[in-house]
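Read-outs: derived from the displayed coordinates by stated rules, not from any lab. Not measured: the values here are computed from a predicted model. Here the Cβ positions follow ideal geometry from the backbone for every residue, glycine too, while neighbour counts run over all protein chains shown.
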Amino acid sequence: MGSINTVKIYHNVLSDEERISILNNFKHLLCETERSPGLQTYSDLHSLSLDNFNIFEKIKKRIQINRKIQKSWINYTDINFAYEFWHNHDNLDTYDYSCCYMIENPENLGTWFRVNDEICQTKCPTNSVLVFHKLLMHTVPPNITKPRYSLAIDFY
């Protein structure tokens with residue numbers, strides 16, 4: 001199982017133009033789902049547009065993961081969609097790591113992790129990526145007040 005020591009943060013991942021293009025291309029796909037609280041897209045964003053494939057490849061290169069993307073989706077939270085939803089990505093067919101790219105994160109609140117019944121809070125500004133072991137229990141911080149868009153990616 002992963003530990004908080006397996007969490008790594010990468011800064012300045014994409015250009016502002018690339019970051020904004022993710023929002024422009026996929027924001028309209030956000031909706032309420034049964035899979036989780038808040039707003040979320042379906043988990044196939046990496047296969048929807050060849051124009052955005054380069055952006056996914058740039059994220060992979062920056063975080064030094066040379067794996068195929070199994071799933072990718074955007075999450076949206078704000079004061080009206082604040083929630084705690086503890087989970088991990090324990091699918092047996094995935095690679096050991098997942099990541100969360102902060103498309104727009106004005107409060108710099110990163111993912112929260114639960115390790116040995118202790119909650120570890122991270123800071124992760126806009127245009128940064130958190131890479132973590134898929135078995136780490138994690139949630140969106142429930143104290144978010146401003147609009148936050150993040151892109152989650154699972155590898156295989």
Arrange the following residues from fewest to most other Cβ atoms within 10 Å of their Cβ: Cys120, Cys31.
Cys31, Cys120
Listed by chain and number, the lysines with an alpha carbon less than 18 angstrom from that of Lys134, same-chain partners under 8 positions apart left out, are Lys8, Lys60, Lys68, Lys71
Using the Cα centre as the reference, give the magnitude of the dipole from point charges on the C-beta atoms of the stretch 4-155 (Lys, Arg: +1; Asp, Glu: -1; all else neutral), rounded to the nearest 20 debye.
400
Pop the C-beta distance of Thr145 and Asn116 into the FRET formula with R0 = 25 Å and round what comes out to the nearest 0.05.
0.30
Going toward the positive end of the dipole of the stretch 1-135, with +1 on Lys and Arg Cβ and -1 on Asp and Glu Cβ, which of Met102, Thr6, Thr122 do you reach last?
Thr6
Add +1 for every Lys or Arg and -1 for every Asp or Glu among the other residues with Cβ under 15 Å from the Cβ of Leu135, and state the total.
-2
Helical contribution to [θ] at 222 nm, DSSP H n ≥ 4, -39,500 (n - 2.57), averaged over the chain, rounded to 500
-5000 deg cm²/dmol
